Amino acid sequence: MPATRALMIARSDEWHDLKTLGSMIEEWLPEVAFETSEDNGALLTLLPDRHDLCLLCATMAELTEAEEAALVRYVAAGGGLLGLHSCTVVEEERREYVELLGGRFAHHSPYHEFAVQVTDATHPVAAGVAGFALQDELYVLDRAPAGATVLATAEWEDRPQPMVYAKSAGQGRVCYNALGHDAAAFNHLAFRQLVVQGARWAAGLT
């Protein structure tokens, strides 16, 4: 029985097959025992003594105030959080969630191939990952992620946009990976490595 336990919200929408990505992540992390749900209400069950990691693989536009509060409390008390791609798509009034995650989706580039630069390969999330090219949507957030270590960037609108970053929040850890629109990203080895290492770091395994 895996000693590391995670709750994952994995839900597809009109633009993203994130339920498939969630299934792939379960295969990539066989050492983790996953509880997987399509329902944000599962966040209400989060407890640091029950879950080492919460993984958000879904657009979060329907996040309620109670679900937001449960997630914020969980991380503050020592839980780990890994957010992927469209989890930054959330209503503006979910301010505590946006602060926890480090930013809110503003807009994205057209779907195209772009270069991702690794800016801190000494961090466990990005260790061993070299710069790479990826076909994806390049997400632009509404702010710089306060207190975060930016680990990878991509150029858009004449400046480097954070693609992967890690930060502390209370006693917990938060990692956000803006990549992952579709199968072109899901099947890219560098994306997979960043997701796996991001999950392990957020869960306190590295």
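Bear in mind that the values in this text are calculations on the coordinates, not laboratory data. Predicted, not measured: the structure shown is a model, and the values here were computed from it. Counting neighbours? That spans all protein chains shown, and the Cβs are built from the backbone with ideal geometry, glycine included.
Name the shape class, rounded, prolate or oblate, that the alpha-carbon gyration tensor gives for region 21-102, where a ≥ b ≥ c are the square roots of its eigenvalues, rounded holds for a/c under 1.5, and otherwise prolate holds if a/b is larger than b/c and oblate otherwise. Since a/c reaches 1.5 but b/c is at least a/b, the shape of region 21-102 is classed as oblate.
Shape analysis of region 101-150 yields a ratio of the Cα radius of gyration to the Kirkwood radius, Rg/Rh, of 1.00. Considering the chain at the alpha-carbon level, its Rg and Dmax are found to be 15.2, 48 Å. Which residues in region 1-25 place their backbone N less than 18 Å from a point set 7 Å from the Cα of LEU44 along the Cα-to-Cβ direction? Taking a point 7 Å out along Cα→Cβ of LEU44, the residues of region 1-25 whose backbone N falls under 18 Å are 7-10. Per-residue extension of 0.36 nm, minus the Cα-Cα distance of ASN187 and ALA115, leaves a gain of 24.3 nm for this segment. Is region 95-202 rounded, prolate or oblate when judged by the Cα gyration tensor, a ≥ b ≥ c being the square roots of its eigenvalues, rounded requiring a/c under 1.5 and prolate requiring a/b larger than b/c? Judged from the Cα gyration tensor, region 95-202 comes out oblate (a/c at least 1.5, b/c at or above a/b). Between the helical axis of 65-76 and the longest alpha-carbon principal axis of the chain there is an angle of about 90 degrees.
Subtracting the Cα-Cα distance of ASP17 and ARG143 from 0.36 nm times their residue separation leaves 42.7 nm of extension gain. Compared with the alpha-carbon gap, the fully stretched path from GLU91 to PHE132 is longer by 11.6 nm at 0.36 nm per residue.
Taking label positions 7 Å along the Cα-Cβ direction at both ALA3 and GLU65, the computed distance is 4.1 nm, reported to one decimal.
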